[in-house]
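Read through the structure below, which is laid out as structure tokens, and then see the notes.
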Amino acid sequence: MGAEKIGDLRTLNYKVNNIATDNDSTTIARIRPIHGDMNKVSDKNHPKKTVINAMIELSKNRRELKNNKTVNYIVRMIMCSILQNQMDVTGIRKSLDEIVPHI
């Protein structure tokens, strides 16, 4: 379906270089053979859900993470790091390292 939609857009002379998907690689794997190399950008909901689930799992053993305000603050800081540095792994890593002293 994704490959068909991109084909429709290109037929209308739209240039498509990036596609926003979840973290599943099936869609991009089907698109690349037909439409060539494209950039895959994750939508912000999937990484956020992954971070929240990790925080919930950590809260089982960490008393400090039982407070929802604390968890929300940490999730917001992590998501800001990811969103401000999309497509830049080094930037994300640096930004996440800067969060640690504030927690």
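Read the figures in this text as sums done on the coordinates, not as results from a lab. What you are looking at is a predicted structure, and each value in this text was computed from that prediction instead of being measured. Backbone-built Cβ (ideal geometry, glycine too); neighbour counts: all protein chains shown.
Remarks
- Paired Rg and Dmax values of the stretch 2-42, which use every Cα atom, in angstrom: 9.6, 28
- Taking the three principal axes of the alpha carbon atoms in the stretch 49-100, the coordinate ranges are 32, 20, 16 Å, sorted in descending order.
- Hull volume in cubic angstrom per residue (convex hull over the Cα atoms of the stretch 15-91): 108 Å³
- Two-site FRET efficiency, residue 3 against residue 103, from Cβ-Cβ distance with R₀ of 25 Å, rounded to 0.05: 0.05
- Contact order normalised by residue count of the chain, Cα under 8 Å, 6+ apart, percent: 18 percent
- Reachable lysines, given that their alpha-carbon falls under 23 Å from the alpha-carbon of residue 5 and they are not under 8 places away in the same chain: 15, 40, 44
- Theoretical ellipticity at 222 nm over the chain - DSSP helices of four or more residues, -39500 (n - 2.57) apiece, nearest 500: -19000 deg cm²/dmol
- Rough spin-label spacing in nm, given labels placed 7 Å along Cα→Cβ, for residue 61 and residue 48: 2.8 nm
- For the stretch 35-103, trypsin sites (Lys or Arg not before Pro) meeting the loop criterion (DSSP other than H, G, I, E, B) and having at most 16 other Cβ atoms within 10 Å: 44, 60, 62.
- Summed side-chain charge close to residue 7 - residues other than residue 7 whose Cβ falls under 14 Å, Lys, Arg +1, Asp, Glu -1: +3
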